Amino acid sequence: MAAPSWLLLCLLGGAIAAASGSEDPSPPQICSGCCPGSVRNSSAVAAFCGAREGAELLGRCCLEREAIVGLDLGNCSLHQLCPSFQEASTAIVIDLRDNPLDHPPEDAFRGFTQLQTLTLPAELDCPGGNNVWDNVTTQGSSRICHSQRNPCNGSGGFGWLCPEDSLCAPDGPGLHLCLCEGPYHGYKCLRQGTFPYLMFYGTLGAVTTSLSILLWVTQRRKVKTS
């Protein structure tokens with residue numbers, strides 16, 4: 001008896017997914033698709049990468065266990081940050097100097113919680129403002145932002161903005177997010193109790209099974225009428 005067409009498609013899809021999962025992951029687009037060339041010897045990224053055991057240079061990036069820890073986009077004639085810039089959210093050192101950059105959006109560095117050294121054109125301010133960095137210096141045509149501060153610490157932090165039953169967590173220079181505590185979840189952490197995973201996935205499975213059976217019956221009827 002021939003297997004239903006939908007079952008064959010599922011098996012074929014699983015085989016393709018397994019084959020694609022065994023391939024080596026492609027390098028991040030930001031490393032070569034944003035600006036050609038490689039990390040410059042004069043960049044802080046080169047010195048940073050050379051001092052870290054196990055780190056390696058790839059295009060404009062410094063990689064460590066496939067994660068971007070350094071990014072050099074200096075002298076790339078950039079007016080705006082590349083669409084793939086968020087791929088570098090794990091970076092510790094970023095060099096953007098010698099670019100005619102416009103002021104980036106306020107949330108351009110959202111998620112960059114590990115960033116400790118950021119070099120910008122002197123015309124630009126450090127993201128979040130100078131007060132969210134331990135040290136801000138100007139050297140020639142470059143502004144260097146050192147040591148990102150935790151926006152949730154201290155009396156001037158953003159912790160008071162989070163609702164009750166939540167905790168403030170860093171989300172980039174001068175940015176934060178509120179994480180629900182314990183059994184609380186949902187909008188403003190107002191719902192209590194664990195998420196009903198069993199009901200959710202049970203309903204999802206039942207709906208998926210019903211649709212699959214309906215599709216199979218419909219296909220069988222078409223085969224008989226033809």
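The values are calculated or read from the model by the stated rules, or taken from the named source; none is laboratory data. Since the model is a prediction, treat every value here as computed from it, not as a measurement. Surface accessibility is based on the protein's heavy atoms, side chains included, excluding ligands, DNA and RNA. Shrake-Rupley method; radii C 1.70, N 1.55, O 1.52, S 1.80 Å.
General remarks:
- Taking one quarter of the surface of the convex hull spanned by the alpha-carbon atoms of region 66-128 gives a direction-averaged projected area of 4.0 nm².
- Of Phe158, Phe200, the order by accessible heavy-atom surface (1.4 Å probe, DNA, RNA and ligands excluded), from most exposed downward, is Phe200, Phe158.
- Accessible area of region 54-171 belonging to carbon and sulfur atoms, whole % at 1.4 Å probe: 46 percent
- Sequence-distant residues sharing a close amide H with Cys180 (under 5 Å, placed H): Leu167
- Against the criterion of solvent-accessible heavy-atom surface with a 1.4 angstrom probe, Leu215, Leu115 sort, most first, into Leu215, Leu115.
- Cα gyration tensor shape of region 118-217, rounded if a/c is under 1.5, else prolate or oblate by comparing a/b with b/c: oblate
- Surface per residue (accessible, 1.4 Å probe) for region 77-226, Å²: 64 Å²
- Solvent-accessible surface of protein heavy atoms, probed at 1.4 angstrom with all chains present, puts Tyr187, Tyr201 in the order Tyr187, Tyr201, largest first.
- Trp216 sits with roughly 90 Å² accessible to a 1.4 Å probe, with DNA, RNA and ligands left out of the calculation.
- Solvent-accessible surface (1.4 angstrom probe) belonging to Ile30, in square angstrom, nearest 10: 0 Å²
- In terms of its C-alpha gyration tensor, region 95-150 comes out oblate, because a/c is 1.5 or above while a/b does not outweigh b/c.
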